[in-house]
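One structure is given below, encoded as structure tokens.
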Amino acid sequence: MTQHIPARGQICPNCDGHASAAVTLGGRTPAGHLRTITAHCPACHGTGTRHTARRRTVKA
Ligand SMILES: [Zn+2]
């Protein structure tokens, strides 16, 4: 059984890779655009990947 693990890190389980999302505030700007704010995932801080707490230790 082999698993393919991406080298650049794991997808954040909190946001499933969607690290930031536009949240509508329920209004429109004078220009007619939706008023939105960008919310970043608190778990990965907008990176979309999960950083493992495990550090590589080099044995001397
Ligand atoms: Zn995340």
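Nothing in this text is a laboratory measurement; each read-out follows from the coordinates by a stated rule. Computed from a predicted model, the values in this text were never measured in an experiment. We place every Cβ from the backbone using ideal geometry, glycine too, and count neighbours over all the protein chains shown.
A few points about this structure:
- Here the convex hull built on the C-alpha positions of region 10-50 has a volume of 60 cubic angstrom per residue.
- Amide H to amide H distances under 5 Å link residue 46 with 41, where only residues 5 or more positions off or on other chains count and H is placed in the peptide plane.
- Our coupling estimate for region 25-42, obtained by passing each phi through the Karplus curve with A = 6.51, B = -1.76, C = 1.60 and θ = phi - 60°, is 9, x, x, 10, 6, x, 7, x, 8, 5, 7, 10, 10, 9, 9, 9, 4, x Hz, Gly and Pro reported as x.
- Residues 33, 40, sorted so that the one with the fewest Cβ neighbours within 10 Å comes first: 33, 40
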